[in-house]
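**Student:** Please read through the structure below; I'll follow up with questions.
The values are calculated or read from the model by the stated rules, or taken from the named source; none is laboratory data. The structure displayed is predicted, hence computed values, not measured ones. With ideal geometry, Cβ positions are generated from the backbone for all residues, glycine too; neighbour counts draw on all protein chains shown. The protein model used for the area step is the full one, side chains on, heavy atoms only, and it has no ligands, DNA or RNA in it. Shrake-Rupley method; radii C 1.70, N 1.55, O 1.52, S 1.80 Å.
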Amino acid sequence: MKNNLTLARDSFDFIKNSKDFLSIVLDNIPCAVFLLDKDFRLVALNDAFKTIFSNKKDENLLYRRCGEAIGCAHQIEEQKQCGDTTKCRNCELRIAALSSYADNKEIYNEHVVRPFYNFKNHKIDKELQFSTRLFHYNTEKYIIVILESNE
């Protein structure tokens, strides 16, 4: 008899050999989904990420630090790298990502309100819900982050 976990895995068997299908699914998720490496740089992101968080049109966000890519107001105003501002030490998103990476702690549906800069260079507060989780691929460790804006 199959358990629920086995049934859930079997239900996705048809896409195991389809990279295109998985990309289409990720790009149609209405939340920002992205991967961070050991330096907290973006190594992959879906289309919703740029719609929700990018503060410049058509900018290349790969390999930028998380706060820099999402338009964190603290990083922009202090003109420092994400991780080096006076607010980074208390950033709930950064703390969650660090906790997932260092302690393999899964974070689910945490909420935070943070200031960001948008496409028009206006500072706005965004209410976010986020989850983080560590995973291994080949010999590397990554953090998957799912961010949803409640605007």
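**Student:** What number goes with the only condition from (1) in contact (Cβ under 8 Å) with a residue 40 or more places away in the chain; (2) closer than 16 Å to Ile52 by Cβ; (3) open to solvent by 40 Å² or more (accessible area, probe 1.4 Å) that Gly71 does not pass?
**Tutor:** (3)
**Student:** Could you say whether any residue in the stretch 118-130 is of a type in the set (Phe, Trp, Tyr), open to solvent by less than 40 Å² (accessible area, probe 1.4 Å), free of Cβ contacts under 8 Å to residues at least 40 places away in the same chain and on the phi < 0 side of the Ramachandran plot? Please lay out each step first, then the result.
**Tutor:** Going through the stretch 118-130, the residues of a type in the set (Phe, Trp, Tyr) turn out to be 119, 130.
Going one step further and asking which of them are open to solvent by less than 40 Å² (accessible area, probe 1.4 Å), we end up with 130.
From the residues that got through so far, the ones that are free of Cβ contacts under 8 Å to residues at least 40 places away in the same chain too are 130.
Next, only the ones that are on the phi < 0 side of the Ramachandran plot stay: 130.
Checked against the condition, which is being of a type in the set (Phe, Trp, Tyr), open to solvent by less than 40 Å² (accessible area, probe 1.4 Å), free of Cβ contacts under 8 Å to residues at least 40 places away in the same chain and on the phi < 0 side of the Ramachandran plot, the stretch 118-130 yields at least one hit.
**Student:** Only one of Asp37, Asp84 is surrounded by fewer than 16 Cβ atoms within 10 Å (Cβ to Cβ) and either over 25 Å from Asn104 (Cβ atoms) or free of Cβ contacts under 8 Å to residues at least 24 places away in the same chain (or both). Can you tell me which? Write out each step before concluding.
**Tutor:** Values: Asp37 fails: either over 25 Å from Asn104 (Cβ atoms) or free of Cβ contacts under 8 Å to residues at least 24 places away in the same chain (or both).
Exactly one residue qualifies, and that residue is Asp84.
**Student:** Now, a different point. Please determine, by comparing only the residues of the stretch 131-141 that are open to solvent by 50 Å² or more (accessible area, probe 1.4 Å) and in contact (Cβ under 8 Å) with a residue 24 or more places away in the chain, which one is farthest from Ser100 (Cα to Cα). So that I can check it myself, show each step before the final result.
**Tutor:** Within the stretch 131-141, the first condition is being open to solvent by 50 Å² or more (accessible area, probe 1.4 Å), and the residues that meet it are 133, 135-141.
Filter once more, keeping what is in contact (Cβ under 8 Å) with a residue 24 or more places away in the chain: 133, 140-141.
Values: Arg133: 5, Glu140: 14, Lys141: 10 Å.
Going through the qualifying residues, I end up with Glu140.
**Student:** What number goes with the only condition from (1) exposed (fewer than 14 other Cβ atoms within 10 Å of the Cβ); (2) on the phi > 0 side of the Ramachandran plot that Asn60 does not pass?
**Tutor:** Only one criterion is unmet by Asn60, namely (2).
**Student:** Follow-up question, since we're still on this one. Which helices (runs of 4 or more DSSP H) does the stretch 51-151 wholly contain that include 2 or more residues that are at pLDDT 90 or above? I'd like the intermediate steps shown before the answer.
**Tutor:** Numbers: elements: 66-70, 73-78, 92-103.
Passing ranges, in order: 73-78, 92-103.
**Student:** Also, I was wondering about something else. Of all residues being polar (S, T, N, Q) and exposed (fewer than 13 other Cβ atoms within 10 Å of the Cβ) in the stretch 97-117, which is nearest to the chain's Cα centre (by Cα)? Just the residue, please.
**Tutor:** Asn109
**Student:** Can you list residue pairs whose Cβ atoms sit under 7 Å apart, with the first residue in the stretch 93-110 being under 12 Å from Arg133 (Cβ atoms) and among the charged types (D, E, K, R) and the second being open to solvent by 60 Å² or more (accessible area, probe 1.4 Å) and outside any helix (DSSP H, G or I)? Count only pairs 6 or more apart in sequence or on different chains.
**Tutor:** Cβ pairs passing all conditions: Glu106/Arg133.
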